[in-house]
Amino acid sequence: MDENYAVSMKSISKFFGTFKALNGVNLNVRKKTIHALLGENGAGKSTLMNILYGLYEADEGEIYLDGKLAYIKNPNVAIKYGIGMVHQHFMLVENFTIAQNIMLGKESVKAFDVIDTAVVKEKIKELGEKYGMIVDGDAKICDVSVSTQQKVEILKSLYRGAQTLILDEPTAVLTPNEIDELIDTMHKLTQDGKTVIIITHKLKEIIKSADYCTIIRRGNYIDTVDVKDKGVDEYSLAKMMVGRDVSLHISKTPAQPKERVFEICDLWVKDSRGIDRVKNLSLNVRAGEILGIAGIDGNGQSELIEALTGLTKADGGKILIKGKQVQNTPPHNIRANSIATIPEDRHKYGLVLDFDICENLILEKYAAPKFADRLLLKLKNIFDNAKTLIHKFDIRPADCEHSLARSLSGGNQQKVVIAREIENDPVLLVAVQPTRGLDVGAIEFVHKSLIAQRDKGKAVLLVSFELDEILDVSDRINVIYDGKIVGDLDPSKTNENEVGLLMAGGSVK
């Protein structure tokens, strides 16, 4: 095999029961390059990389590393081969420090088996300075930002000697500035002789960062392209990925907003440490409009949503739905007042991972007459409901009614949550990062679904870190900074620079 390739995966196939997740897929990754892996949700991208990292074994095919046949039975073997993987959902111990997380399982010890923390911190500092990922080794994971946690995951792989680094949806929760920093880090890694494989749905970032891109569709290899070729752009990549033309910018008719149905007045919310995170915040959403909340992560969005959904108490102010106060009431009362939520963390708040899809799709209405008769569940109705929503929202695989939620790809898990919440027919739909981890085809579908809710006269509150999404989908934009609304903008009369300036605490004329 060619030694110019850091990784060659030949005719890789993988079955899960009767479902063929990968069908003879090929992947050739040149050394010292950034190689993007592109495909729809459930296309098999993460499965392919999990095979490379030793989390799964291929049923067919071979893996070559640096031109030599490799047998990767588990992640420990992968690490010995110099492969590191940063998963979409981080594998960190929240109550450990950054240094403890990085050295976990590969501790440096001195006399009498005492852990030599100083040596570890020095190594972390050296790696951080080299690749532009400075972190505080003494900080606890629970106290640092998402972008810092990602740096810790990358540093953890580098600390273990990774030469080929797999990044699974690394920009899903990063701000535009943080994405630029990550791309800069990836280039520094390749300049230092390392190889980066990035799984992403973000076409703009592939064009900006990658040297090559391999496209997989429904478990089948489609093509590998040189990203710098003239014929390669966002539209051509999207078409190869989905198999049809995709609109990258949503078209919609002007909103026809009516009466106010939702208001927040002078809201104050503290975090778990007693620090004010939402500060005298006020906003309103009218029936028939989408209000977008733009802001950098950590400016009070999470606390605002937790107070709105009854997961935490407000320390002052009011939350009203159709004039009725709902602040400091339990979540079931929030739902009873026709507020539905697509949560930011689908694993923590959106799904019961060990329930099947049928069950997850009725979590909030399992006792409704349609699905239960006193103590007995109407299993046929529950199954028929799942079958209908799986088809309507293109949840894959198409026969996943009795599959556990944890067995679906991240994007298809998100579709389950969206399907359930939209079918609840709310007065207010709160959508927090609704397209996180979705491919362009699914993003197009979600955006159309949100706009369809608006056109039905529903109020939609969209919270997103994606400026393109906020500008494309919103009818009105509120910018949040340091727990306060600092701007109320018309998307047709503003731009990324203006919104970004407000998000960073600046002011506009």
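For Arg406, state whether it is exposed (fewer than 15 other Cβ atoms within 10 Å of the Cβ), within 30 Å of Pro330 (Cα to Cα) and under 21 Å from the mean Cα position of the chain (by Cα).
Numbers: exposed (fewer than 15 other Cβ atoms within 10 Å of the Cβ): yes; within 30 Å of Pro330 (Cα to Cα): yes; under 21 Å from the mean Cα position of the chain (by Cα): yes.
For Arg406, the condition - exposed (fewer than 15 other Cβ atoms within 10 Å of the Cβ), within 30 Å of Pro330 (Cα to Cα) and under 21 Å from the mean Cα position of the chain (by Cα) - is met.
Determine, yes or no, whether Phe383 is over 20 Å from the mean Cα position of the chain (by Cα) and aromatic (Phe, Trp, Tyr).
Working: over 20 Å from the mean Cα position of the chain (by Cα): yes; aromatic (Phe, Trp, Tyr): yes.
Yes: the conditions hold for Phe383.
In the stretch 459-476, which residue that is surrounded by fewer than 22 Cβ atoms within 10 Å (Cβ to Cβ) and touching a strand residue (DSSP E or B) at 6+ places or on another chain (Cβ under 7 Å) is farthest from Val427 (Cα to Cα)?
In this case the residue turns out to be Leu467.
Give all pairs with beta carbons closer than 7 Å in which a residue from the stretch 280-295 that is within 15 Å of Leu502 (Cβ to Cβ) meets a residue that is outside any strand (DSSP E or B) and of a type in the set (Gly, Ala, Ser); count only pairs at least 6 apart in sequence or on separate chains.
Listed pairs, sorted by first residue: Leu281/Gly483; Gly292/Ser474.
Residues in the stretch 284-307: is at least one of a type in the set (Lys, Arg) and surrounded by fewer than 16 Cβ atoms within 10 Å (Cβ to Cβ)? Can you show your working first?
Of all residues in the stretch 284-307, those of a type in the set (Lys, Arg) come to 286.
Filter once more, keeping what is surrounded by fewer than 16 Cβ atoms within 10 Å (Cβ to Cβ): none.
Scanning the stretch 284-307, I find no residue that is of a type in the set (Lys, Arg) and surrounded by fewer than 16 Cβ atoms within 10 Å (Cβ to Cβ), so the answer is no.
Out of all the residues in the stretch 229-279, which are surrounded by 13 or more Cβ atoms within 10 Å (Cβ to Cβ) and without any contact (Cβ under 8 Å) to a residue 24 or more places away in the chain?
Tyr235, Ser236, Lys239, listed by residue number.
Is it true that Gly105 is under 27 Å from the mean Cα position of the chain (by Cα) and at positive phi? Before the answer, list the steps.
Numbers: under 27 Å from the mean Cα position of the chain (by Cα): no; at positive phi: yes.
When the stated conditions are applied, Gly105 does not pass them.
Looking at the stretch 146-172, which of the residues that are in contact with a Lys or Arg (Cβ under 7 Å, 6 or more places away or on another chain) and hydrophobic (A, V, I, L, M, F, W, C) is nearest to Tyr64 (Cα to Cα)?
Residue satisfying both the conditions and the ranking: Leu165.
With the condition kept exactly as written, say whether any residue in the stretch 172-195 is touching a Ser or Thr at 6+ places or on another chain (Cβ under 9 Å) and assigned to a strand (DSSP E or B).
Yes, the stretch 172-195 has at least one match.
Which residues, taken from the stretch 479-505, are more than 18 Å from Lys279 (Cα to Cα) and either in contact with a helix residue (DSSP H, G or I) (Cβ under 9 Å, 6 or more places away or on another chain) or surrounded by 13 or more Cβ atoms within 10 Å (Cβ to Cβ) (or both)?
The answer is Leu489, Pro491, Thr494, Asn495, Glu496, Glu498, Val499, Gly500, Leu501.
Could you list, in sequence order, the residues of the stretch 432-478 that are over 17 Å from Pro176 (Cα atoms), outside any helix (DSSP H, G or I), at pLDDT 85 or above and of a type in the set (A, V, I, L, M, F, W, C)? Outline the logic, then answer.
Keep residues of the stretch 432-478 that are over 17 Å from Pro176 (Cα atoms), which gives 432, 434, 438-462, 473-478.
Narrowing further to those that are outside any helix (DSSP H, G or I): 432, 434, 438-439, 456-462, 474-478.
Subset that is at pLDDT 85 or above: 432, 434, 456-462, 474-478.
Passing the criteria: Val432, Ala459, Val460, Leu461, Leu462, Ile477.
Residue check, His391 against (1) in contact with a Leu (Cβ under 8 Å, 6 or more places away or on another chain); (2) within 29 Å of Ile470 (Cα to Cα); (3) surrounded by fewer than 20 Cβ atoms within 10 Å (Cβ to Cβ), all met but one. Which one?
(1)
With the condition kept exactly as written, say whether any residue in the stretch 130-140 is surrounded by fewer than 18 Cβ atoms within 10 Å (Cβ to Cβ), basic (Lys, Arg) and over 28 Å from the mean Cα position of the chain (by Cα).
So the first thing to find is which residues in the stretch 130-140 are surrounded by fewer than 18 Cβ atoms within 10 Å (Cβ to Cβ), and the list is 130, 132, 134, 136, 138-140.
Now drop any that are not basic (Lys, Arg), which leaves 130, 140.
From what is left, the residues that are over 28 Å from the mean Cα position of the chain (by Cα) are none.
For the stretch 130-140, residues surrounded by fewer than 18 Cβ atoms within 10 Å (Cβ to Cβ), basic (Lys, Arg) and over 28 Å from the mean Cα position of the chain (by Cα): absent.
The values are calculated or read from the model by the stated rules, or taken from the named source; none is laboratory data. No experiment lies behind these values; they were computed from the predicted model shown. Neighbour counts are summed over all protein chains in view; Cβ atoms, including those assigned to glycine, are modelled from backbone coordinates with ideal geometry.
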